[in-house]
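Report on one structure; see the data block that follows.
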Amino acid sequence: MTARPADRSTVWLRRALVAVGVLAAAYGVVGVLTDPSVSLPNYFRYTLTVLFGHDLLVLPLAIVLGAVLTRWLPGWARPVVQGALFVTAALTVVALPLVLGFGRVGDEPSALPRDYPRGFLLCLAAIWLATAILLVLRAIRRRPSDSTIRERP
Amino acid sequence: MVRVPEPLTRLYPSRLSRLFTSRLRSPQLTSRIGRLLGVAVAVCFVTGYLSHAIQHPPGWFYWPSRPVNLYRVTQGLHVATGLAIVPLLAAKLWSVYPKLFRWPPFRDAVHAIERLSLFVLVAAALFQVTTGILNIALWYSPMSFFFTTAHYWTAWILVGALAIHIGVKLPVIRRALGAPDRAAPQTGSLSRRGLLTAVGTAIGVITVATIGQTLRPLAGLSVLGPRDPRIGPQGLPVNQSAVAAGVTAAATDPAYRLEVVGPARTLRLSLAELGALAQHTAQLPITCVEGWSATATWGGVRVSDLVAAVGGAQGASVRVESLEQDSLYRISTLAPPHAADPLTLLALRIGDQPLDLDHGYPVRLIAPNRPGVLQTKWVARIEVVQP
């Protein structure tokens, strides 16, 4: 760490950011607490569910799953698969409520009009097809460089 | 990544954060993703506040009626950026996840407060992203609170907590972003550039899969778009049907009259009388707050003509009331720029067909550059409000 004295403008910028942030957040908190259309018990239950659901369930599960699924892959293939798994996970978050389709109402055929399971599978197919092509390209590119290494000594 | 569990004796709180062994995590990575995330949150906040202000205008607020597609762009951007936040937030939270288990949990009182503010920041961010996704998927039951107001107030909490966070971390961020870009050691797993590429790819896939709900040329590609701008009665999506609004009987009653109230006189016009007035067409989009939009060619009577017919002055506002009984959006007010705009119609037709019942038959409001919830359907009464 550099022991340079912080210049005054940075100090004031930090103070201003914290002060503005406290005001904005306080405005939002007062709004949540006083707006009768925000039913507080439901609001807090939902917020705590997404917070702890993410921090203690979804994220650790994703990390463990990613570690397990890429554990036995060779080093040259692992980064590509890790990237593809990340893209798959992010897409799943967006697609899941649509795929489950609980928002569909009988009398509004134009709301959620598509076949979302099919759409989701198409996206997954595109992601993993691209991944497979990348892996093949990497495998092909790897072979010549291996032989040059072997020739060197 | 993690080491697959070794003896459980390793799981002492003081050792928990050392279980995370990825060498990819660094202030450089976190700051880079954080910078993108900060921009995305700012875009969502500004476009979201704009949409709020158009619907609940504060005294100082002015919103023009042109360009016709401005709201379509800002609200399309709001939803698309919100969806793009999913991979950014996922990578950001992953990059700092071991810090959650730091032991001891805090050094002193100030540090404790700062860490608690992070709970607020993360909770608000997860709240905004997940409620937004649930809302565009029309899946309201997990929320069991009123989405619109909760999403609005939590947006203030999110930007506030984010400003505090940036203020606290500014020296770390500056040092990290100013440091030379050394490639992380290659250990047979994802590099920093690799992860950023994956984040970018995820944003690209999510955007292409959904943006067609507002960009018609991409509708065929957007297999996960919550709406298809080509699908619906008369080729136009519907958010609320006549049955759901409970207006079917009133809207199809032959005794229907449109009441036009102004300072000089009150008119009660039948559908035939409305059709006998000067007719105009306008090509305007229905632009939903949920981020979808679709353009149609509307035909009907200019609101400004009706205002003049009942003695309303230039610069008047117009209150538009629906046949609906119990709806938050039963009444909308056309501000002076929209009331005077020649494109603002009480529409009787889409193309050359009478409006479908679900599109607001017999008469609906259609005005440029406004959210769909304000484009009142099944209009029963309009009233000129003098300046």
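The values are calculated or read from the model by the stated rules, or taken from the named source; none is laboratory data. Remember, it's a predicted structure, so these values are computed and weren't measured experimentally. Glycine gets a Cβ as well: all are built from the backbone with ideal geometry, and neighbour counts include every protein chain shown.
In segment A:120-135, the count of residues that are surrounded by fewer than 13 Cβ atoms within 10 Å (Cβ to Cβ), within 7 Å of chain B (Cβ to nearest Cβ) and more than 23 Å from the chain's Cα centre (by Cα) is zero.
Out of B:212, B:132, B:225, one residue alone is under 16 Å from residue B:84 (Cβ atoms), buried (at least 16 other Cβ atoms within 10 Å of the Cβ) and not assigned by TED's automatic domain parsing to the domain that holds residue B:38. It is B:225. Condition test on residue B:31, is it in contact with a Leu (Cβ under 6 Å, 6 or more places away or on another chain) and hydroxyl-bearing (Ser, Thr, Tyr)? Judged against the criteria, residue B:31 is a match. Taking each residue of segment B:1-24 that is part of a loop (DSSP other than H, G, I, E, B) and looking for partners that are at pLDDT 60 or above and among the basic types (Lys, Arg) with beta-carbon atoms closer than 7 Å, six or more apart or interchain, yields B:24/B:192.
Scanning segment A:78-114 for residues that are of a type in the set (Lys, Arg) and more than 7 Å from chain B (Cβ to nearest Cβ) yields one hit, A:104.
Restricting A:49, A:70 to residues that are closer than 23 Å to residue B:89 by Cβ, under 20 Å from the mean Cα position of the chain (by Cα) and modelled with pLDDT under 95 narrows the list to A:70.
Considering segment B:188-209, the residues that are at the interface with another protein chain (Cβ under 7 Å from one of its Cβ atoms) and part of a helix (DSSP H, G or I) include one that is modelled with the lowest pLDDT, namely B:194. State which residue is farthest from the chain's Cα centre (by Cα) when the search covers only segment B:121-134 and only residues that are of a type in the set (A, V, I, L, M) and more than 7 Å from chain A (Cβ to nearest Cβ). Result: B:121. With respect to residue B:152, determine if the residue is hydroxyl-bearing (Ser, Thr, Tyr) and modelled with pLDDT of 95 or more. So residue B:152 passes the test. Residue B:347 meets all of the listed conditions (1) farther than 21 Å from residue A:107 by Cα; (2) without any contact (Cβ under 8 Å) to a residue 24 or more places away in the chain but one, namely (2). For residue B:313, the conditions (1) over 30 Å from residue B:212 (Cβ atoms); (2) assigned to a helix (DSSP H, G or I) all hold with the exception of (2). A count restricted to segment A:28-60 and to residues that are more than 7 Å from chain B (Cβ to nearest Cβ) and outside any helix (DSSP H, G or I) stands at 1. Here segment B:373-387 is the region considered, the condition is being within 20 Å of residue B:62 (Cα to Cα) and out of contact with any Pro (no Cβ under 9 Å at 6 or more places or on another chain), and the residue that is surrounded by the most Cβ atoms within 10 Å (Cβ to Cβ) is B:375. Inclusion of residue B:147 among residues that are more than 7 Å from every other protein chain (Cβ to nearest Cβ) and either under 20 Å from the mean Cα position of the chain (by Cα) or under 30 Å from residue A:43 (Cα atoms) (or both) is warranted.
The one condition from (1) within 8 Å of chain A (Cβ to nearest Cβ); (2) in contact with a strand residue (DSSP E or B) (Cβ under 7 Å, 6 or more places away or on another chain) that residue B:224 does not meet is (2). Going by what's in this entry, would residue A:75 be described as facing chain B (nearest Cβ under 7 Å) and loosely packed, with under 15 Cβ neighbours inside 10 Å? It is true that residue A:75 is facing chain B (nearest Cβ under 7 Å) and loosely packed, with under 15 Cβ neighbours inside 10 Å. Residues that are closer than 13 Å to residue B:22 by Cβ and of a type outside the set (Ser, Thr, Tyr) within segment A:65-80 comprise A:66, A:67, A:78, A:79, listed in sequence order. Restricting attention to segment B:351-358, does a residue exist that is in a helix (DSSP H, G or I) and either of a type outside the set (Gly, Ala, Ser) or surrounded by 20 or more Cβ atoms within 10 Å (Cβ to Cβ) (or both)? Yes, that holds for at least one residue.
Candidates B:176, B:184: the one that is modelled with pLDDT of 90 or more, more than 32 Å from the chain's Cα centre (by Cα), more than 7 Å from every other protein chain (Cβ to nearest Cβ) and more than 16 Å from residue A:22 (Cβ to Cβ) is B:176.
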